[in-house]
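The values are calculated or read from the model by the stated rules, or taken from the named source; none is laboratory data. Values in this document were obtained by computation on a predicted structure and should not be read as measured data. Here the Cβ is made from the backbone with ideal geometry for all residues, glycine too, and neighbour counts use every protein chain on show.
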Amino acid sequence: MIRILKKKQLSSDVFQMELEAPHISESRKAGQFVILMLDDEYSERIPLTIADGDGKKGTITIIFQAVGGTTLALSRLEEGEAIAHVLGPLGTPTHIEKQKKPVICVGGGIGVAPLHPIVQAHKAAGNRVITIMGARNKDLLILEEEMAALSDELIICTDDGSKGRKALVTEPLKELCEADEKPAECVAIGPPVMMKFCAETTRPYKLHTMVSLNTIMVDGTGMCGGCRVTVGKETKFVCVDGPEFDGHLVDFSSMMSRMSSYKTQEDEHTCRLEEKAKELAAGGVR
Amino acid sequence: MTCGYKDPGTLDLEALAVRENLNLPQGLNQIKKKDRAAIPQQEMPSQEAGIRGGNMTEVALGYSENQVIVEASRCLECANAPCVKGCPVSIDIPGFIGAAAKGEFDEALDIIKESSMLPAICGRVCPQEKQCMETCTLGKIRKDPMESVAIGRIERFLADRGAEKGDSTVDKAPSTGKKVAIVGSGPSGLTTAADLARLGHEVTVFEAFHKAGGVTVYGIPEFRLPKSIVQREVDNLEAMGVQFVYDFLVGRTRTVKELMEKDGYHAVYVANGAGLPKFMNIPGENLVGVFSANEYLTRANLMKAYDTEKAATPIYKSRKVAVFGGGNVAMDAARTALRLGAEEVHIVYRRTEKEMPARVEEVHHAREEGIIFDLLTNPTAIISDDQGRVAGIECLQYELGEADESGRRRPVAIEGSEFFMDIDTCITALGNSSNPLVTGTTPELDTNKWGNITVNEDGMTSMPGVFAGGDIVQGAATVILAMGDGRTAARGIHEYLNQ
Ligand SMILES: Cc1cc2nc3c(=O)[nH]c(=O)nc-3n(C[C@H](O)[C@H](O)[C@H](O)COP(=O)(O)OP(=O)(O)OC[C@H]3O[C@@H](n4cnc5c(N)ncnc54)[C@H](O)[C@@H]3O)c2cc1C
Ligand SMILES: Cc1cc2nc3c(=O)[nH]c(=O)nc-3n(C[C@H](O)[C@H](O)[C@H](O)COP(=O)(O)OP(=O)(O)OC[C@H]3O[C@@H](n4cnc5c(N)ncnc54)[C@H](O)[C@@H]3O)c2cc1C
Ligand code: SF4
Ligand code: SF4
Ligand code: FES
């Protein structure tokens, strides 16, 4: 049992939780994630990035978007309640090197959450970080203050121009690639399409670009192969070899179709849960 | 093989008739060896094939008391007991079968328990025809190991009966104050935990998953090994004071070294299994609809995806399934797919049925349930539809050629035999190799070229105080070997701690 110490709503469907998990908090590094399961029997195992942590307090922070059955149910848990199972830290930590030139960190939507510890780690290594954050509109931007405080430069983009530049994140990314001071590397995390286009943007400039893949997972220990992706013609397991890979080598179209494997079942499940929630809210059938 | 289905009641009555006719068990001493050998083997009562294909409950239902007494009376009580040499943990087979034949079931179970920790599990899943039944004299006389004394079935009866009576009282030595960490809660880890707890050591089992049992809970399906049987063993261990820590991945949450240096464990037993699925490296293997058997079975078993009403974990909806491989894993995946509603399930295997590594009983059950066997066939490519999903497979036909070094005849592709199979789901069941998570984060551990940890005869690795056993040492093997290793390591650890 892992206790929820704090809960905060960051936007209409994004939530932040601080969990009491001393072992994980002690060992975790940037780029790693956990797999959680809400109850013992019938719930599903889902991966979430460790967005932050406090080794002294023995806590970790998760930030998630309520998109389907499990994340919706998680968003309904309150402070003081518990999650049955949290396994971690999983995955290979981000490779952080001292760089002479700036590091560009791009986060799209909920992708800013997994980006946060990576920016932290680059700053801790003494690197100059330029962060680009993107969202559909200003209400969907998360962690703006934290990112502003951490980054040497912060560029905000929204699709509708309600905050920052009215642009896709790839626009400022391209400009930075063409700037006088060539960046050392790029990290891009967000929806698969965004990561794919970021990789396409930096490809002509041969700018090393890491992306963090969010495939479907079961065990998270390299046992099932469900999370596999094709990277440079080789099969890799995201949960142990990743989650970060060279964006110029990832076969995004294969990955995106694999992510939709259970689309119909997931939608049905979410609908059922929503209906139940409505019934409960209406004080109806139990 | 008998044809025609007989229900458990009929089988019991038939056994009763034999029993009365031979005046068993009192008449045991009067039965001559020749007459014993003539008693027909008792058929295992099972759910009817047409019914069980639609449910997840256990297929084999277990002998009745009458059947056990009759079956045990078939044993010739051979002086040299060749059967014992076939059992990896050398159970005193004539001893326990002799007791069972007399109806002394408690004594019989005690004899088994001297050597085997998990008789309810091994009785169900041991490949008996390649172990104790292969060397049994009766099978030799009958020229078929399947006709040997059904040793495992008797074992299963005794274990289940014992559990029903609640036989879990064990003597525990006074505390030694020594702490042992066990990595992995599969059959090997559970066995070591039991032996060490009995010897008075403080045992903690660290398990990556949220449930204990290893492959016996996430791989082997409910219809072959009910999860409640594994849970019973885990409950017994907890009652003995063994601690279980779930959601703990050694190598990530903590390394082996940290367990010893930071957490003060005096010894560690690494029994993390061989969980790394093999793929075939053919085109199309990463399409939607291609699964490793590990993934497919974990979703179905551990995550209970078969219960579409309650379980949140989805499982792929299939119409026509092809399972690649011929071992137990392949049979389990195929029979699970059938139970999840597939219309057609194929086993696609390169050699013939004779070479299949699966237990004979499982192959037989799979055939009865309507699984289609495409033998001497191998896939060469998986074909995609326009959405990246499986639309079929390309196969080649094979024939058996010359024997290779291992004595098995090597399958050779027949030129021009390419053909297409209409399939929407592929499951690769080609076995597992060793998962590198623990060895990769513990450079002190020596491994062989397959990544398996190497150990000495006491089960100790190249790292002092660290022992290993089960699939991580043997390569994907069997429950009984994993258990045997666990026993050896427990003795080794006990000696090491007493030094
Ligand atoms: C290594 C890793 C780290 C992750 N970190 C975070 C994080 O920090 N915060 C966060 O909000 N999410 C993160 N995700 C994604 C998160 O795991 C999924 O959103 C979650 O599994 C959805 O589960 P669900 O039952 O709520 O939704 P489902 O009902 O399973 O799915 C709802 C919808 O989301 C889509 N979906 C399913 N699985 C994923 C997935 N893995 N990624 C994206 N979309 C998916 C489905 O296609 C469907 O449209 C991460 C994924 C991985 C692999
Ligand atoms: C589908 C299938 C069917 C089979 N059928 C049969 C059969 O009929 N008869 C038979 O005899 N054998 C069968 N086997 C083989 C048998 O199950 C194995 O040989 C046996 O389970 C090995 O036991 P083990 O304890 O070594 O490892 P496992 O049973 O693999 O257990 C290892 C445990 O360690 C955990 N673990 C792994 N890594 C870590 C880590 N880093 N930290 C913490 N925990 C970790 C795993 O989650 C797992 O619970 C089958 C195997 C499969 C996959
Ligand atoms: S443990 Fe397995 S091999 Fe040994 S006697 Fe029992 S069934 Fe046979
Ligand atoms: S070899 Fe067969 S017949 Fe002989 S003692 Fe063993 S089980 Fe009995
Ligand atoms: S999630 Fe199972 S291997 Fe990665």
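Of all residues in segment B:59-91, those satisfying the criterion of being assigned to a loop (DSSP other than H, G, I, E, B), in contact with an Asp or Glu (Cβ under 7 Å, 6 or more places away or on another chain) and surrounded by fewer than 24 Cβ atoms within 10 Å (Cβ to Cβ) are B:GLY62, B:SER64.
One residue stands out in segment A:42-72 among those that are β-branched (Val, Ile, Thr) and out of contact with any Phe, Trp or Tyr (no Cβ under 8 Å at 6 or more places or on another chain): the one that is surrounded by the most Cβ atoms within 10 Å (Cβ to Cβ), namely A:ILE60. Per the conditions (1) within 16 Å of ligand 3 (Cβ to nearest atom); (2) part of a helix (DSSP H, G or I); (3) surrounded by 22 or more Cβ atoms within 10 Å (Cβ to Cβ), the sole criterion not satisfied by B:ARG161 is (3). Scanning segment B:283-322 for residues that are touching a His at 6+ places or on another chain (Cβ under 8 Å), within 16 Å of ligand 1 (Cβ to nearest atom) and small (Gly, Ala, Ser) returns a single hit, B:ALA312. Going by what's in this entry, would B:ASP167 be described as modelled with pLDDT under 95, away from chain A (no Cβ under 14 Å), in a loop (DSSP other than H, G, I, E, B) and away from ligand 3 (no atom under 12 Å from the Cβ)? Judged against the criteria, B:ASP167 is a match.
Of the residues examined, B:GLY123 is one that is assigned to a helix (DSSP H, G or I) and within 10 Å of ligand 3 (Cβ to nearest atom). Checked against the criterion of being acidic (Asp, Glu) and either farther than 26 Å from B:GLU394 by Cβ or at pLDDT below 95 (or both), the candidates B:GLU362, B:GLU344 yield just one match: B:GLU362. Tell me whether segment B:214-223 contains one or more residues that are touching a helix residue (DSSP H, G or I) at 6+ places or on another chain (Cβ under 7 Å), over 19 Å from B:ALA159 (Cβ atoms) and away from ligand 2 (no atom under 13 Å from the Cβ). No, segment B:214-223 contains no residue that is touching a helix residue (DSSP H, G or I) at 6+ places or on another chain (Cβ under 7 Å), over 19 Å from B:ALA159 (Cβ atoms) and away from ligand 2 (no atom under 13 Å from the Cβ). Looking across segment A:183-217, the residues that are part of a strand (DSSP E or B) and aliphatic (A, V, I, L, M) come down to A:VAL187, A:ALA188, A:ILE189, A:MET210, A:VAL211. For B:GLU207, the stated conditions hold: it is of a type in the set (Asp, Glu) and closer than 24 Å to A:GLU44 by Cα.
Scanning segment B:411-439 for residues that are within 15 Å of B:LEU375 (Cβ to Cβ) and in a strand (DSSP E or B) turns up B:PRO411, B:VAL412, B:ALA413, B:PHE419, B:MET421. B:VAL479 meets the conditions (1) in contact with a helix residue (DSSP H, G or I) (Cβ under 8 Å, 6 or more places away or on another chain); (2) modelled with pLDDT of 95 or more in every case but one. The failed one is (2). Based on what the data block shows, is B:ALA49 within 13 Å of ligand 4 (Cβ to nearest atom), more than 14 Å from every other protein chain (Cβ to nearest Cβ) and aliphatic (A, V, I, L, M)? The answer is no for B:ALA49.
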